[in-house]
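Novice: Below is one structure. I have some questions about it.
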Amino acid sequence: MFALVDVNNMYVSCERVFKPSLNGRPVVVLSSNDGACIARSNEAKDLGVQMAQPWFQVQHLEREAGLIALSANFELYGDMSSRMMSIVGQYAPRQQIYSIDECFLDFEGVRGDLVEIGRDIRRTVLQWTGLPTSVGFGPTKTLAKLANHVAKTADRKPGSYPAALAQVCNFGEMTQAELDAVMGVTEVGCVWGIGRRIGARLTEAGIRTVRDLANADVTALRSQFSVVLEKTLLELRGTSCLGLDDTTAGRQQIMCSRSFGSAVTELAELEQVVSDFASRVAEKLRQQGSAAGAVHVFITTSPHRKQDRQHSPSMTVPMVRPTTDTRELVATATRALQRMYRPGFNYVKAGVMLVDLHDGGARQGELDLFATDKPTVQAEVGRDRAQLMGALDALNHRFGKGAVRIASAHHGRGTQASVGKQERRTPRYTTRLDEIARASS
């Protein structure tokens, strides 16, 4: 039996933990440049605010309906997620962290009433972190995900499903008739892995509900769609096709990009931004135990500024050998930038992406005709680099991100235009001592 534990409206819920006055009020969290709504409270959803809707389109709701907008505080959200996942992972032998706000648990061999266990998970997470969660149980991962949707929807919209399914829903204890009834009132687009495009095609084919999909002909579905959708159908019927991964597979690409608060024209400022981005992705690279074989860099002007000249170059530079060294990655990224940059353009966005990722523990052997170091010397240099990068990561983990950085990534007074807007960001309560919450007497 699988469980899917999900934090309700994760970003908004994290904000409400430290600012209870936000409870019951419409709240949205904006993207890293305060441009679009990337999280919404239930009250904001009821006002009609859509996911990823540009902020300027709903800004009028501030004065008309009391809508509150906050800048994204990803440092806070990431730390709160780690705390929640640590708590939830104690309830089952195996855990797969699926995203920042949800994880799967494998309850095979666990005895007891799963609904009561689910309610205990909710109570403990709420008491220890302040985050509200929903829990769904099912014999497959797809059914557990669907049960979580039912638990969350039944809680938010009373009457949509039986009240007993709110907050914690266990498909495993339902009769087939009860499960059919729930699936019969659930749109097919609510199934995990069925996006808008496939959902529209299924609807055109007469498959409108989850029950319709579960009862569909497997052969016909495979011929019209794909084997992936066939697996989804089998999972809905109770046949497990997706296992639980104890560890999340490393990403094949790691990127950091951002739109600027205002246009940047000077190379020196772009170098600082690109150096900062390269430093960030290098740290993420080491965290997942990989090494980068190439660095991709891009800068772009805004196609929406018709009065500006347009220039949006990109460049991928291969490394001599895969590396995890921040210094090498920053140097490579800035060299690429220097070759692409043209004066007189208003650049509004930049990004650095590490590609061709390899196992960080592997060492590539090559014939370097120009090498002057002996193999033993090269090995010692490699160990020194690893120790240096380990010390860099440890210091930044202890004293906060950016406490120690490459000199070229230092943001001075003249670089504020390149920093994404965060005019509405709340304090990073759990990771910065100077921003810790204070109780007033």
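The values are calculated or read from the model by the stated rules, or taken from the named source; none is laboratory data. Quick caveat, the model's predicted, so the values are computed rather than measured. Cβ placement follows ideal geometry from the backbone for every residue including glycine, while neighbour counts extend to all protein chains displayed. Areas reflect the complete protein model, heavy atoms only, side chains present, ligands, DNA and RNA absent. Shrake-Rupley method; radii C 1.70, N 1.55, O 1.52, S 1.80 Å.
Novice: Given a Förster distance of 35 Å, report the FRET efficiency between Met340 and Ser223 from their Cβ-Cβ distance, rounded to the nearest 0.05.
Specialist: 0.15
Novice: Helix-only mean residue ellipticity at 222 nm, the chain, DSSP H runs n ≥ 4 weighted -39,500 (n - 2.57), per residue, nearest 500. What is it?
Specialist: Counting only the DSSP helices, I get -12000 deg cm²/dmol.
Novice: At 0.36 nm per residue, and after removing the present C-alpha to C-alpha distance, how many nm does the segment from Thr265 to Arg208 gain when stretched out fully?
Specialist: 15.3 nm
Novice: A further question follows. So with the 1.4 Å probe, I'd like the accessible area per residue for the chain, rounded to whole Å².
Specialist: 52 Å²
Novice: Right, here's the next one. From the Cα gyration tensor of the range 130-275, with a ≥ b ≥ c the square roots of its eigenvalues, which class applies: rounded if a/c is under 1.5, or else prolate if a/b is larger than b/c, or else oblate?
Specialist: Prolate.
Novice: Scan around Asn8 for amide H atoms under 5 Å from its own, H built in the peptide plane at 1.01 Å from N, and keep only partners 5 or more places away or cross-chain.
Specialist: Thr133, Ser134
Novice: Beyond a 32 Å Cα-Cα separation, which of these cross-linked pairs lie in this structure: Lys19/Lys306; Lys141/Lys284; Lys157/Lys231; Lys157/Lys349; Lys19/Lys284; Lys152/Lys349?
Specialist: Listed pairs above 32 Å: Lys19/Lys306; Lys157/Lys349; Lys152/Lys349.
Novice: For the chain, what number results from the quotient of the Cα radius of gyration and 2.2 N^0.38 Å?
Specialist: Relative to the 2.2 N^0.38 Å estimate, the chain comes out at 1.12.
Novice: Continuing with this model, one more query. Full extension from Asp359 to Arg94: what is 0.36 nm times the residue separation minus their Cα-Cα distance, to one decimal in nm?
Specialist: My answer for the length gained is 93.0 nm.
Novice: For the chain, with a Gaussian network of springs between Cα atoms less than 10 Å apart, report the residue from Gly261, Gly344, Gly89 with the top mean-square fluctuation.
Specialist: Sorting by GNM fluctuation, first place goes to Gly344.
Novice: Oh, and also: Taking the Cβ-Cβ separation of Gln288 and Ala394 as r and a Förster radius of 25 Å, what is the calculated FRET efficiency to the nearest 0.05?
Specialist: 0.90
Novice: Taking K and R as +1 and D and E as -1, what net charge do the other residues with C-beta under 15 Å from the C-beta of Pro139 add up to?
Specialist: Once positives and negatives cancel, what remains is -1.
Novice: Something else: Roll a 1.4 angstrom probe over the protein heavy atoms and tell me the percent of accessible area of the chain that is carbon or sulfur.
Specialist: The computed percentage sits at 51.
Novice: Thr140's amide H: which non-local residues (gap 5+, or another chain) put their own amide H closer than 5 Å, with H modeled 1.01 Å from N in plane and none for Pro or chain starts?
Specialist: Phe2
Novice: Length gain on complete extension for the stretch His304 to Ala437, per 0.36 nm per residue less the alpha carbon to alpha carbon distance?
Specialist: Extra length available between His304 and Ala437 comes to 43.8 nm.
Novice: Could you compute the FRET efficiency for Gln176 and Arg156, with r as their C-beta to C-beta distance and R0 at 25 Å, rounded to 0.05?
Specialist: Between Gln176 and Arg156 the formula returns 0.40.
Novice: I want the local charge near Phe18. Using Cβ-Cβ distances under 14 Å, sum +1 for each Lys or Arg and -1 for each Asp or Glu among the other residues.
Specialist: My count for the surroundings of Phe18 gives +3.
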